[in-house]
Amino acid sequence: MYAQDLLVVVVVMTYACVAPVVIVPALMFFFLAQVVYRHQLLYVYVPTFESGGSFFPKMFRRWIFALFTAQATMVGMCLLKQGFKQAYSVMFLMVLTYVYKRKVRSTYEPVSFSLPLEIARGLDLDRAESGQEGQEEDEALHPAADEYLQPELREPAFVGPEDLFVEAKCGGGGGGGGGDGSGRGDGKGGSGEVDGGVDGGGGGGGPPDETF
């Protein structure tokens, strides 16, 4: 479907400046195609998958190719008619078209190839709820997925996908324990009780003895 329509677009845009009468049958074709394809897509065809916008970059590149072809043909026609100013103007339009192409691709192409965060989070939650059954299914579909994995990546995650915001929890150690000045503190501070080391550790322990 897309190949036929894009071929018509390229042919019409290329020959529009040579024989403008070709625009009339092109308008009739696209008007009828809109009516027929809309009925077919809504009531006849059963979609087997959702592309999620992955076809957009390919179609956009072909539309830009058709526009470049039409502009190049127009430049040639202007040069044959010795319309040099018009030819230079169309060349400037070709530069603007290229800049627009780069801008659109850099803005929308990465988005079309990336999974949205909400869908990725939902998949993580479903996988976490499925438990062992989901893990066995993943191993059956991708037997070599965990053939080699860095040790850091094998560690269990300390934040689950259901945690949207993780509050920073600071230790509530008070300024309790005192030191006797001999390099040993009682380490009693806040909610914990730890024996101080020789360096006067622990909550608020005294400084170590500087005499050796």
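Here are the numbers:
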| quantity | calculated |
| --- | --- |
| Residue-count net charge about PHE65 - beta-carbon cut-off 12 Å; Lys, Arg +1, Asp, Glu -1 | +4 |
| The range 83-120: trypsin sites (Lys or Arg not before Pro) in DSSP loop, at most 12 other beta carbons within 10 Å | none |
| Selection from PHE55, LEU7, LEU117, by position along the positive dipole direction of the range 1-124 (Cβ) | LEU7 |
| Gained length - THR69 relative to ASP124, 0.36 nm times residue gap less alpha-carbon distance | 15.2 nm |
| For the range 1-132, size of Cβ-based charge dipole, Lys and Arg +1, Asp and Glu -1, in debye | 720 debye |
| Cα-based shape type of the range 15-78, given that a ≥ b ≥ c are square roots of the gyration tensor eigenvalues and the cut on a/c is 1.5 | oblate |
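FYI, it's all coordinate maths here, none of it is from the lab. Computed from a prediction, not measured in an experiment: that's the story for all the values here. All Cβ positions, glycine included, derive from the backbone under ideal geometry; neighbour counts span all protein chains shown.
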